[in-house]
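The values are calculated or read from the model by the stated rules, or taken from the named source; none is laboratory data. Worth saying up front: this structure is predicted, and the values here are computed from it rather than measured. Cβ placement follows ideal geometry from the backbone for every residue including glycine, while neighbour counts extend to all protein chains displayed. Accessible surface is based on the protein model in full, side chains and every heavy atom, while ligands, DNA and RNA are left aside. Shrake-Rupley method; radii C 1.70, N 1.55, O 1.52, S 1.80 Å.
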Amino acid sequence: MAGPLAGIRIVEFAGIGPGPFCGMMLADHGAEVIRIDRASGTRGGSQPVTSRDVLARGRKSIAIDLKSAEGVALARKLCASADGIIEGFRPGVMERLGLGPDELLGDNPKLVYGRMTGWGQTGPYAPYAGHDINYIALAGALAHFGRAGGKPTPPINMVGDFGGGGMMLAFGMVAALLNVARGGSGQVIDAAMTDGTAVLMSMMHGMKAMGVWSEDLGANMLDTGAHFYDTYETADGKFVSIGSIEPQFYAELRARAGLTDDPAFDAQHDRKAWGPLKDKLAELFKSKTRAEWDALMEHTDVCYAPVLTMSEAVAHPHNAARGTFVDVGGAMQPAPAPRYSGTVTAAPQPAPMPGDQTEEILGSLGMGAEEVAGLRQAGTVA
């Protein structure tokens, strides 16, 4: 693998959502990520097992029966060869399997043991089930996603699962691995989506403390309260976005939209005027198609962009010029991000099927063909 994490071995216990996203990020940036799949050939959850699973790309897969003592012993041996592991089970599951921090750090004191949960390893909610919508609700984020007069609207599962969860764990893994490289010991990372989501709300907590953020839904500059920071429907039923916050960008919006001579738009930050001004802009944007607004406002300092679907984003000239999306096994996927000038990342490889690299992985542990065959016959690996 190429990238700044080349030479790092991570063992990932297969799961769904934020754990695999963390594994994808680490693999994208050069780590050798070995996923322990179920010997049954599934990955858990309701997602189909397919090579087009973006979150599972770039891995090596070994399928182990973790319900057997032999399978657990094999998993321990694999983890002892690794720099880090990531798991996303409920608190206590890994301990019951005999694969908890005490065992694995006992085998490998330099191991970084990453744990991904919604509520965290401790606290009153810790033992119970939940999903992204619940985690961002408890963290004080969901209450602020939505429009005035409406109800809180989940921003799909990007904030809890991926921003506050998987990405936060990936950051924690790299930070802890750096500490080990500088002479530190291995340790456990408790990555809770509630904690990570709360961190993502830091700016809003700061603005609230300064008295410039209301807890009312859709009443602020950045939550669709302001007329100059919102999306608007166009004549062809599509949408555009504007974020003309700074005065020079707001002036550019007015000039491009033909509003320079309308005195109603002079008081940009008069919150009492935001509603009527939004109504005016809504009527204006519906007078032209999205393509017509693109021609007027793209490549200017309005702070403008068309609101694109996933399919449209893949084809947009800016994303095409940057290679923001890449073909992986015949399917377009987001390219690894961010980018490096020296340690350039390799093109992602399609997700393996469970057990695709079993022989290769066991060979790296010093096991020969006869021993691998015995493990297969016993059902320890598939």
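Regarding the chain, what are the three Cα extents along the principal axes, ordered largest first, in Å?
That gives 83, 45, 40 Å along the principal axes, largest extent first.
Given 0.36 nm per residue, what is the gain on full extension from residue 245 to residue 68 after removing their alpha carbon distance, in nm?
In short, 57.8 nm is gained.
Tell me, in nm to one decimal, what length is gained between residue 298 and residue 103 on full extension, where the rule is 0.36 nm per residue of separation less the Cα-Cα distance?
This chain segment gains 64.5 nm when fully extended.
Which value, in Å², gives the accessible area per residue of the chain when a 1.4 Å probe is used on the protein heavy atoms?
I get 49 Å² per residue for the chain.
Expressed in nm to one decimal, what extension gain is obtained for the pair residue 284 and residue 309 from 0.36 nm per residue of sequence separation less their Cα-Cα distance?
Extra length from residue 284 to residue 309 when fully extended: 6.7 nm.
So, with a 1.4 angstrom probe, what is the percent of accessible area on the stretch 325-382 that is carbon and sulfur?
Using a 1.4 Å probe with all protein chains present, the stretch 325-382 comes out at 55 percent carbon and sulfur.
If I take the Cα coordinates of the stretch 114-187 and project them onto the principal axes, what are the three extents in Å, biggest first?
Answer, in whole Å and largest first: 55, 25, 15 Å.
Considering only protein heavy atoms and a probe of 1.4 Å, how much of the accessible area of the stretch 81-124 is carbon and sulfur, as a whole percent?
54 percent
Charges at C-beta only: +1 for Lys and Arg, -1 for Asp and Glu. How large is the resulting dipole of the chain about its Cα centre, in Debye rounded to 20?
340 debye
Using a probe of 1.4 angstrom, how much of the accessible area of the stretch 243-324 is carbon and sulfur, in percent?
Accessible surface attributable to carbon and sulfur in the stretch 243-324 totals 57 percent.
Between residue 359 and residue 133, what's the calculated FRET efficiency when r is the beta-carbon distance and R0 is 30 Å? Round to 0.05.
Using R0 = 30 Å, I get an efficiency of 0.15.
With N set to the number of residues, divide the alpha-carbon radius of gyration of the stretch 219-268 by 2.2 N^0.38 Å and report two decimals.
Cα-based Rg divided by the globular estimate yields 1.17.
Given the DSSP H assignment, sum -39500 (n - 2.57) over each helix run of at least 4 residues in the chain and divide by its residue total; what's the result at 222 nm in deg cm²/dmol, nearest 500?
It comes out at -10000 deg cm²/dmol, rounded to the nearest 500.
Which of 328, 296, 5 sits farthest toward the positive end of the charge dipole of the chain, with +1 on the Cβ of Lys and Arg and -1 on the Cβ of Asp and Glu?
My answer, from the dipole projection, is 5.
Can you give me the Kirkwood hydrodynamic radius for the stretch 245-284, using every pair of distinct Cα atoms, in Å to one decimal?
Mean inverse Cα-Cα distance, inverted, gives 10.4 Å.
Give the span of the stretch 25-148's Cα atoms along each principal axis, as three whole-Å numbers ordered largest to smallest.
56, 36, 28
How big is D, in µm² s⁻¹, for the stretch 201-355 by Stokes-Einstein at 20 °C and 1.002 mPa s if Rh is the Kirkwood radius over C-alpha pairs?
117 µm²/s
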